[in-house]
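Rule-based calculations on the coordinates, nothing more; no lab input. Values in this document were obtained by computation on a predicted structure and should not be read as measured data. Positions of Cβ are backbone-derived with ideal geometry, glycine not excepted, and every protein chain shown enters the neighbour counts.
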Amino acid sequence: MASTSNSLPKVVAVTGSGFKATNILQRLDRNRSIHKVISLYYKTPKLRLSRTKYIHLDLTEELADAKLAEILKKEKVDTLIHTAFPITPPRNLSFAHELISVGSMYVCNAASAAKVKKLILTSTTDVYGPFADNPNYLTEKHPARGFRKNSFIKDKSDAENGFLRFARKHPKTIVTILRPCTTMGPTVDSFKTAYYNLPVIPTVMGYDPLMQFVHEDDLFRAVESAVYEDWPGIYNIVGQGVLPLSKVIELTGKYRIPLSMIGLKAFVQTLWYLDILPAPASYIDFLKYICVATGDKAELEMGFVAKYTTKEAFLSFIGAERLRRVHLVEA
Amino acid sequence: MAKTKSFNPKLRLLNFNASPAEAAPQPAKSLEEQIREGETKLLKKLDQIENKLSKVGNKRNPADAKALQQELKALREEIAKLSTGPEPAKPKNLMATHHVATDFRSQLSRALFRRILGYRKLKSEKILQANDINLNPATEEVDEFGRDYKFEAKIKPISDFFYYKYWRISTHGVENVPHKGRALLVANHSGTLPFDGPMIRLAVNNDHPARRAARFLVEDFVYYLPFVGTFMYRVGGVRASQDNAERLLNKDHLVAVFPEGQKGIGKLFNKRYQLQRFGRGGFIKLAIRTNTPIIPVAVVGAEETHPLLYKSSLLAKPFGIPYVPITPTIPWFGLLGFFGLPTKWTIYFGKPINVAQYGKKALDNDLLIHKLSEQVRHTIQEMLVDGLKRRKSIFFG
């Protein structure tokens, strides 16, 4: 599992155009030891980096894998970072399935055709799922059970399994799966940040689960170390410490309304269809049960320790949110 | 504080800004008198504190009271020395008087402050707070297993009420719990609702001289329940799982486990004090893996708080729990019924059993592990029988 210095990447491609892809591109663009950085975007990016080559790619269209393989071969890509996932569960579930599950399959196919040396996938600790019988600290060995109740997480699990299958088939390729917990930070825009941005925050009466956050900088540091060094396998990327949901909401300075469990599912689902709540009813369990992972493996093997604790990560998000409200930061 | 009130303002006036005309009406004698007065006041206050502390100490823990009394004695002697000690030379003028006074004051206050701070520390760190140094929280709100220090301190009077007044818990053999390092408290589970975990925690916290904070493992199904699950997290409960227990023990904690699990807590009243099967010997494996001594614990009296008459699984379906218990108080008395009957509890701590001596090879030897688990079970059963023999009345012990 030792890192080797002779495998420094020369051409790195990043799929996706969300905050993860944008930030990773910025960091890689700065590094002169990388010859070329390629952005495989779907949404037109707001800002163009000087050394980065931008190529449009739609992973949901037919023969996307052939197109991607062609690009990878032509540009001689040796490291591929796959972040092209919707962060927020989309209302169109079939589109989500196409993009996450089938899209990852396309990426794997293209990578095997183009003989990419390294594949990196950014997943999430949500794949473990919120369960009352979870241990307080989930390790990478724990089965990912999140798909049982949630079709959006099921797609993510599918993507992970696809990558793991790929790793088994191609033992020479280094496949790294990073599982960050809920990412917080000034540039993060996801359904979880949308939840904390609601004017009053709904919770489930009688439940106060422990929450865990990781700062975006820490996540991108972990991705960088996975790019420059070889770390095959699954790694949880988490901030230290936990906070109960009630204290998290106290930090936002907003009120919370504890909702009764009776009829909550239908209520939340309706509000989600009406575009008032940011997540469907299958996410209620995240407000009830624990889903906290341990970053011990990343610390022992990668030497990765998050610089921001859970509280600091959340406070940095809150700070940016305050500035955004008075239009000091661009939305 | 008395001394700041009596000394400070006038001395300041004298020291810095006072013109001689203003200072003149303050003769030297009055200053000395003021010092004497302040001193007597302080001594009186100390006496009061001493009385209070001795009352508290006598009741709860004689060792603590002794330490406190010794400290107080030393403090009193020091103050007496200060007041009767070498007499200051008679000051010639006002400024000199002031110097002597400030010197005396600073000496007195320094000594006093040191002592008072000491007491506060004793009170807050040793008595109110448990020594959870190892679970260093990265966020100050809760520690890594969701225990809320502030919440626990807030409900300490209530839990103490249940400990001292309601169930009148007495402990035997707490000295078997080590002052430092890891240990696994293996106890019988009883009483329909898992109150024995928090009470064992309180017993170690209140009656053990080291004021150790034990963490107790709680069944899965508790965490499915609203309010109860959250409450258990905040007061130091941890969900029962090998991962959690191992993590705690590797940080040198006291962990209380109930190997009977749900079978023990949910047995009907006619099977009271009969230990059920001890799981699959997971706790023995845990002790061997983490090199931990096992301390058998027997809780006598908890069975009768909630005599379980009937288990209704039909009523339980809408709540998502295994069954709804029917006892003399649940559900007839509503929320009050959850506390059950005021029986007298006794907690016996047995001699440590060292299972780690068998080494890690024993982990694969299932027969040996089963044997060891049975051995621990027999020890606890014997302790239970002994305790029941000694008990004369359910409600008065």
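General observations
- Ratio of the Cα radius of gyration of the range B:304-397 to 2.2 N^0.38 Å, where N counts its residues: 1.57
- Note on A:133-141: average number of Cβ atoms from other chains within 10 Å of each residue's Cβ is 5.
- Candidate aspartates and glutamates for bridging to B:Lys344, where Cα separation is under 14 Å - those fewer than 8 sequence places away on the same chain excluded: B:Asp196, B:Glu303, B:Glu304
- For B:His370, B:His208, the sequence from fewest to most other C-beta atoms within 10 Å is B:His370, B:His208.
- Relative to the globular-protein estimate of 2.2 N^0.38 Å, the Cα radius of gyration of the range B:158-264 stands at 1.03.
- Percentage, to the nearest whole number, of Cα pairs in the range A:102-196 over 19 Å apart: 49 percent
- For the range B:238-397, taking Cα atoms only, Rg and Dmax work out to 17.7, 53 Å respectively.
- Loop-resident chymotrypsin sites (Phe, Trp or Tyr not before Pro) (DSSP state other than H, G, I, E or B) in the range B:213-266 with no more than 13 further Cβ atoms inside 10 Å of their Cβ: B:Phe227.
- Of the GluC sites (Glu not before Pro) found in the range A:243-331, those that fall in a DSSP loop while having at most 14 other beta-carbon atoms within 10 Å are A:Glu330.
- Magnitude of the charge dipole, the range A:24-163, Cβ model with Lys/Arg +1 and Asp/Glu -1, debye to 20: 700 debye
- Selection from A:Leu8, A:Ile174, A:Thr294, by position along the positive dipole direction of chain A (Cβ): A:Leu8
- Loop-located chymotrypsin sites (Phe, Trp or Tyr not before Pro) across the range B:319-397 with a Cβ neighbour count of 13 or fewer within 10 Å are B:Trp332, B:Phe333, B:Phe395, B:Phe396, with loop assigned by DSSP.
- Amide H to amide H distances under 5 Å link B:Leu254 with B:Ala183, B:Arg215, where only residues 5 or more positions off or on other chains count and H is placed in the peptide plane.
- Only Lys, Arg, Asp and Glu carry charge here, each on its Cβ (+1 for the first two, -1 for the last two); on that basis the range B:239-333 has a dipole of about 320 debye about its Cα centre.
- Cα radius of gyration and Dmax for chain A (Å): 19.5, 59
- Per-residue shielding of A:38-49, expressed as the average number of other chain Cβ atoms within 10 Å of the residue Cβ, stands at 0.
- The mean number of partner chain beta-carbon atoms within 10 angstrom of a residue's beta-carbon across peptide B:218-227 is 4.
- Over 13 Å [Cα-Cα, the range B:135-198], rounded percent: 77 percent
- Estimated Rh, the range B:329-370: Kirkwood, alpha-carbon pairs, angstrom: 14.8 Å
- For chain A, a crude dipole built from +1 on the beta carbon of Lys and Arg and -1 on the beta carbon of Asp and Glu, taken about the Cα centre, is about 560 debye to the nearest 20.
- Kirkwood hydrodynamic radius (C-alpha pairs) into Stokes-Einstein, the range A:155-266, 20 °C and 1.002 mPa s, D in µm²/s: 129 µm²/s
- Inverse mean reciprocal Cα-Cα distance (Kirkwood Rh) of the range A:1-100, Å: 14.5 Å
- Long pairs among B:Lys251/B:Lys360; A:Lys115/A:Lys156; B:Lys180/B:Lys389; A:Lys254/A:Lys307; A:Lys288/A:Lys311, criterion Cα-Cα beyond 22 Å: A:Lys115/A:Lys156; B:Lys180/B:Lys389; A:Lys254/A:Lys307
- Whole-number D in µm²/s for the range B:225-299 (Stokes-Einstein; Kirkwood sum over Cα pairs; 20 °C, 1.002 mPa s): 153 µm²/s
- Kirkwood Rh and Cα Rg combined as Rg over Rh, evaluated for the range B:282-342: 1.19
- Residues whose amide H lies under 5 Å from that of A:Lys53, counting only those 5 or more places away or on a different chain, are A:Val37, A:Ile38, A:Ser39; hydrogens are built 1.01 Å from N in the peptide plane.
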